[in-house]
1. If you add up the charges near Leu22, with Lys and Arg at +1 and Asp and Glu at -1, over every other residue whose beta carbon is less than 13 angstrom from its beta carbon, what do you get?
2. How big is D, in µm² s⁻¹, for the chain by Stokes-Einstein at 25 °C and 0.890 mPa s if Rh is the Kirkwood radius over C-alpha pairs?
3. Per DSSP helix of 4 or more residues, -39500 (n - 2.57); summed, then divided by the residues of the chain. What does that give at 222 nm, rounded to the nearest 500?
4. To the nearest 20 debye, what charge dipole does the chain have about its Cα centre, counting +1 at the Cβ of each Lys and Arg and -1 at the Cβ of each Asp and Glu?
5. With axes computed from alpha carbons, what is the tilt in degrees of helix 13-22 against the longest principal axis of the chain, rounded to the nearest 10 within 0 to 90?
Amino acid sequence: MLIGPAGGIGVTSLMARTMEILTAPGRHAPEVLLPAGWRDMKHLQEGFEAFEPKFGVLGLRFSRAPTGWRINPSPSGSK
């Protein structure tokens, strides 16, 4: 189960392992997330695109930047 500021949802073990990596402070290179069980970068990208709406329901936002990826609280009022 993944719990955010606005509630909780069930997630796959793959996403749970990935979120465990992303909870460490700072941004994370996408390659660091592959050992969680992703086949390749395309699989990782597709997984996060599929889960983004669920993150929003929880009050979380997935942030991608050239310096790395991380999970942030959603700006207040947007889900």
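What follows draws every value from the coordinates through simple rules; no lab data is involved. Quantities reported herein were computed from a predicted structural model and do not represent experimental measurements. Backbone-built Cβ (ideal geometry, glycine too); neighbour counts: all protein chains shown.
1. Spelling it out: positives minus negatives among the neighbours equals +4.
2. Details: Rh = 12.7 Å.
Calculated translational D: 193 µm²/s.
3. On the way: 3 runs with 32 residues, N = 79.
Only helices count here, giving -12000 deg cm²/dmol.
4. On the way: 9 positive and 6 negative charges, 31 e Å.
Result for the chain is approximately 160 debye, rounded to the nearest 20.
5. The answer is roughly 90 degrees.
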